[in-house]
Amino acid sequence: MKDKKIEELIAAEVRRQSDGLEMIPSENHTSGDVLQALGSRLTDKYSEGYPGMRYYGGCEVVDKVENLARERAKTLFGVTHANVQGYSGSPANQAIYFALVNPGDTVMGLHLYYGGHMTHGLKVNFSGVMYNSVQYHTGKDGYLDYEEMAAMAQKEKPKLLMVGATAYPRIFDWKKLREIADICGAWLVADISHIAGLVVAGAHPSPVGIADVIMTTTHKTLRGPRGALILCNGNPSNPLKKAERTPENLPTLIDRAIIPGLQGGPHNHQTAAIAVALREAATPQFKDYGQQIVKNAKTLAAGLSAKGYDLVTGGTDNHLLLIDLTNKQISGKEAEKALGKAGITVNKNTVPFDPRSPFDPSGIRLGTPALTTRGMKEDQMQQIAGWIDQAITHYTDEKLLGNLRAEIKELAALFPLPA
Ligand SMILES: Cc1ncc(COP(=O)(O)O)c(C=O)c1O
């Protein structure tokens, strides 16, 4: 590379990732094939529109790329329609609102401080500014409060019920959620960004056939490049005709919301990399991978619980743990910093009913997808639980944190990033 500054920074980031433990649950390590597609000439091509209906010439190759990505997404998840053009999760969610509701309509989503995403109706996000957002919470036990949700649906009559989370360690009961949406005839949107890889592996129930629309980012447990899929059933209608908001018209509504609604040209290099990741996710090895993510998270949870850590909901069913550190007399921010010095990357996070601010919350959130990609299993999780405990207990002891960092680097060297 001629740009030495960027070359060095890329090398530094690769070193940071390889020498440490990436435990942010929304992160992962992609394969060499995904990286190759992402760094390809496909990025040079403009192709506004959809395969066979583009506003640009020279799209015969990228049409094939996008069709392949769409077909693989449909087969993997078992739906009749997939839009693969969303630039990332947030714009994909924006497209879903745009497709299904009008500005000012009531929408209902999980509050950010209780594990929801900003795009699920946070008042400072477009979803809370453009729409009348009402927000549900978890109960004191950290579990979704389905009764509160049903009562809220009854009272507020949202037109769209958004379900999904960035920091929720338990299973979503899609059938119950469908019943809640049906109380007021709301569209049920499942945002499975965090858990898509687990859904594919059969390690989390699938919302397919229950939710009206499913959105997932492609870069978390699904282990692809940054990007998004919007999945639904229905039939694409005549491109020249108006499409009413009916379940049958969902493919048309979603596609039109992406372009011309919100986006311009698709990122073809990204689409190709998504196609590669979807092929990888369709293998038996990926099923084992998804199952192992959960086994690892459960082992880590058991190890930390045994050391007196207060896990929100008492444990995990998926890829992540949310830890309330109040009883350890350390804030989430201090813990994130100490673990970082030891070479373990996590993020500070609010816990349900957190008395502290989101900038300095009571908890941390950590997960196993990236470590599992590197081939780590239960034994390593036990070892890591011990290191996390030491770093948190002695968080001001720079020497100890430095020693931990050296030990962690030794373990990390045994589990290289994917080639
Ligand atoms: C549940 C959920 N939805 C949407 C998003 C948004 O994805 P992106 O960061 O790609 O915009 C995230 C990302 O953290 C998420 O966790």
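None of the figures in this text is laboratory data; all of them are computed from the coordinates on show. Small disclaimer: the values here were computed from a predicted structure and weren't measured. Heads up, the Cβs are rebuilt from the backbone with ideal geometry, glycines too, and the neighbour counts pull from every protein chain shown.
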The size of the Cβ-based charge dipole (Lys, Arg +1; Asp, Glu -1) of the range 283-414 about the Cα centre, to the nearest 20 debye, is 220
Magnitude of the Cβ-charge dipole (Lys and Arg +1, Asp and Glu -1) of the chain about the Cα centre, nearest 20 debye, reported as 460
Most packed first (mean Cβ within 10 Å per residue), the peptides 268-278, 330-340 order as 268-278, 330-340
Residue by residue through the range 173-184, the couplings from Karplus 6.51 cos²θ - 1.76 cosθ + 1.60 with θ = phi - 60°, in Hz, x for Gly and Pro, are 8, 4, 5, 4, 5, 4, 4, 5, 4, 6, 4, 10
In the range 32-281 the DSSP beta bridges are antiparallel at a rate, in percent to nearest 5, of 40
Sorted largest first, the Cα spans of the range 1-75 on the principal axes come out in Å as 46, 36, 17
The ³J(HN,Hα) series, computed from each phi in the range 198-205 with the Karplus coefficients 6.51, -1.76 and 1.60 at θ = phi - 60°, rounded to the nearest Hz and given as x for glycine or proline, is 6, 4, 4, 7, x, 9, 8, x
Computed Rg/Rh for the range 32-281 (Cα atoms; Rh = Kirkwood radius) stands at 0.96
Over all directions, the chain yields a Cα convex hull whose mean projected area in nm² is 20.3
Taking every DSSP bridge whose two residues both lie in the chain, the antiparallel percent to the nearest 5 is 55
GNM on the chain, Cα springs under 10 Å; top mean-square fluctuation among Thr75, Thr221, Thr373 goes to Thr75
Which residues qualify? For Ile344, with a placed amide H closer than 5 Å and at least 5 residues away or on another chain, they are Leu21
Expected vector for the range 231-243, Karplus 3J(HN,Hα) from phi with 6.51, -1.76, 1.60 and θ = phi - 60°, integer Hz, x for Gly and Pro, equals 10, 7, 10, x, 10, x, 9, 3, x, 8, 9, 5, 10
Which residues qualify? For Trp187, with a placed amide H closer than 5 Å and at least 5 residues away or on another chain, they are Leu160, Leu161
Checked the range 283-414 against the a/c 1.5 cut and the a/b vs b/c comparison, axes a ≥ b ≥ c from its Cα gyration tensor; verdict oblate
Amide H proximity to Thr106 below 5 Å, modelled H, separation 5+ or other chain, gives Asn132, Lys159
Where a ≥ b ≥ c are root eigenvalues of the Cα gyration tensor, a/c under 1.5 meaning rounded, otherwise prolate if a/b exceeds b/c and oblate otherwise, the range 1-146 counts as oblate
Rg/Rh over Cα atoms for the range 244-330, Kirkwood Rh, comes to 1.22
Packing-ranked peptide list from 57-68, 234-245, 124-135, highest mean Cβ count within 10 angstrom first, is 124-135, 57-68, 234-245
Rounded to the nearest whole number, the per residue volume of the convex hull around the C-alpha atoms of the range 298-369 in Å³ is 89
